[in-house]
Each structure stands twice: as structure tokens, then as C-alpha cells.
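Written out below as C-alpha cells is the structure these notes cover.
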Amino acid sequence: PSLSDNSPSANCVKMSSVAEVKQGYELFDPRAYLQNNYTHPRANFESEDCVVPWKLRCLASSFSTGEVRGRTLLDIGSGPTIYQVISACEHFEEIILSDYLEVNRQELSKWLHGEPDAFDWSPYLKYVCNLEGNSERWLEKAERLRQKVKGVWRCDVQQPNPLHPASLGPVDAITTTFCLEAVSADKRSLESALANVTTLLVPGGFLLMIGALDESYYLAGQVRIPVLPVDEEYVKQAVTGAGYRIRVFQTYIMPAGLKIGVDDVRGVFYLQAQKL
């Protein structure tokens, strides 16, 4: 059955089903997406007020407590990015990256294998190492991260086992960035996806999530990807309703100078939640 809800009370974007959401990603261009969101001006490491350094600081803060640690960290819906697991590599024995799109998995593999045409994550690695007090050791950090990543798997958060046909025992922590709201046709399918992801996490394990606030679309090359607009209160309700206690919730409001025509995002949220 379709996960969409066409009743008048449903908070729907103009998509009739999860299948249509997936179809919209067929023309997704990882390089265009990276250019739009992970280069200047949004990735301005000279400005502490910029969105990318803010995200890296949020993640580093969660990992620096030493509470978010364990054997396996699973990154759900990695897209073509690795910044979200840089701080994690000191605290987990292994990291699994995952994405629905083969083009994104290929982009991740390029960096993991050190291919010359891979996206340059070195400014991110340097910034995180600086936060940790050892800015000169970013090359070591890159190598350690490559060693810790044990796979780049296919995932589909709309499936009861998002990693099917692969199987993975419950993991100690999950990271997910800009995924659920961007692949859900309505709030019911987002909550279903969150429930599916949650089955992969051990009780007491941590969910670290970054997402878009009040965004209805973003551009990735020739394609305009619809997004389910969500606000802070809804995100808190959905995560709590999925069986978590929210430990950290932070909001970043996108300044006018970073509204560069590649989306209509109002802001970004960061949360750290513990599965009950």
C-alpha cells in the first residue's frame, strides 16, 4: 500500500506517493549538490556564523562528550557527503555509509579510494581537527576515517529493513543528515521512515540528526527535488513519538547571504536523541 495520505487533514506536498519521490531522484547530480551546499559561500570556514562550520561544531560537540561511542555507527542517507562522520571516527570501531542512489555511493567510493577526481573534503577535515586541538593531523584523520568505513551500502528508509538485502545487527549510533524530510511524501511516510531507521539502533543508542526547516525544494543539477516542509515542533514530536528522548536540540536560521537560490530553506536543525 502507498504510504501517502490524501485526506484533507494530511500535511502533503504535491506528490502522490513515495514512488514519485524516488522517481524525482533519478536525475540527481551529486556534483551539483556538492557545489551548491558544500563549497563557498555555505562552506566558509573563515566565518563561525556560516552553516557548514555550525553543523560540524554540533556534531563535534556530541562526540566530544564521549557518550556517543561504540562498535558500529551507521550513517543513513549519506548522499555524496562524508563530513557528518568525521568526528565519529575516533569513537567507533567501524562506520557504515549508506544511500539509496548509486551515483551517491559512487561519489563516496571515490573519496574512500583516494581517487583524484573525488570531492575535496580537506577543509572539513582540517576544521574538525582544529576543533579537536590537532589541526596539523588532518591527513591522519582522513586515513583513519577511510580505514573505519567498512562499507557503502544501499539503503531505502521506506523499507522495514532499510538496508535490505544486507543485514546488520543493531548499531550503537545512527547519524542522518537531510534525509528523511527529503524522501517523504507526507508526514506519515516520514514517521514510517523514522520508525524503520529506529529498528536498526540498540536501546540506549544515539540518533544524531541534521535536517532542513521549512524547505519545500532544493536543486541538484537539472532536477528540482521536492522536500516535505517541517518545523522545529513537528521534528521534536516525531522523534519523541518514535521512542527517543531528545538530549540536544539546536536551530540555525539561514542568513540572507546564504540564500543563494538553490533551495528555499529557512534554517537547519540539529538533534541528539537517545533511544528509550
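Okay, here's what the table says:
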quantity: Lysine pairs within region 13-170, Cα separation less than 27 Å, 8 or more sequence positions apart or different chains; calculated: 17
quantity: Net charge of neighbours whose Cβ lies under 11 Å from the Cβ of Ala173, counting Lys and Arg as +1 and Asp and Glu as -1; calculated: 0
quantity: Value at 222 nm in deg cm²/dmol, rounded to 500, when DSSP H runs of n ≥ 4 in the chain each add -39,500 (n - 2.57); calculated: -9000 deg cm²/dmol
quantity: Most to least packed among 213-223, 239-249 [average Cβ atoms within 10 Å]; calculated: 213-223, 239-249
quantity: Sulfur and carbon atoms: percent of accessible area, region 14-111 [1.4 Å]; calculated: 45
quantity: Region 62-162 shape via C-alpha gyration tensor axes, a/c threshold 1.5; calculated: oblate
quantity: 12 Å beta-carbon shell around Ser62, net charge (K/R +1, D/E -1); calculated: +3
quantity: Packing-based order for 177-185, 155-163, using average beta carbon neighbours within 10 Å, highest first; calculated: 177-185, 155-163
quantity: Relative contact order of region 18-275, pairs being alpha-carbon contacts under 8 Å that are 6 or more residues apart, as %; calculated: 21
quantity: Simple Cβ-charge dipole of the chain, Lys/Arg +1 and Asp/Glu -1, about Cα centre, in debye nearest 20; calculated: 400
quantity: Heavy-atom surface of the chain, accessible at 1.4 Å and reported per residue (Å²); calculated: 43
quantity: Percent carbon-and-sulfur accessible area, region 193-276, ignoring ligands, DNA and RNA, probe 1.4 Å; calculated: 54
quantity: Given charges at Cβ of Lys, Arg, Asp, Glu: region 18-275 dipole, positive-most of Thr240, Ala212, Leu101; calculated: Thr240
quantity: Proximal charge balance of Leu74 [Cβ under 10 Å; K/R count +1, D/E count -1]; calculated: -3
quantity: Packing-based order for 51-59, 167-175, using average beta carbon neighbours within 10 Å, highest first; calculated: 51-59, 167-175
quantity: Cα-based shape type of region 228-276, given that a ≥ b ≥ c are square roots of the gyration tensor eigenvalues and the cut on a/c is 1.5; calculated: prolate
quantity: Cα gyration tensor shape of the chain, rounded if a/c is under 1.5, else prolate or oblate by comparing a/b with b/c; calculated: rounded
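The values are calculated or read from the model by the stated rules, or taken from the named source; none is laboratory data. Small disclaimer: the values here were computed from a predicted structure and weren't measured. As a convention, Cβ positions derive from the backbone with ideal geometry for all residues, glycine included, and neighbour counts pool all protein chains shown. Accessible surface areas use protein heavy atoms only, side chains included; no ligands, DNA or RNA. Shrake-Rupley method; radii C 1.70, N 1.55, O 1.52, S 1.80 Å.
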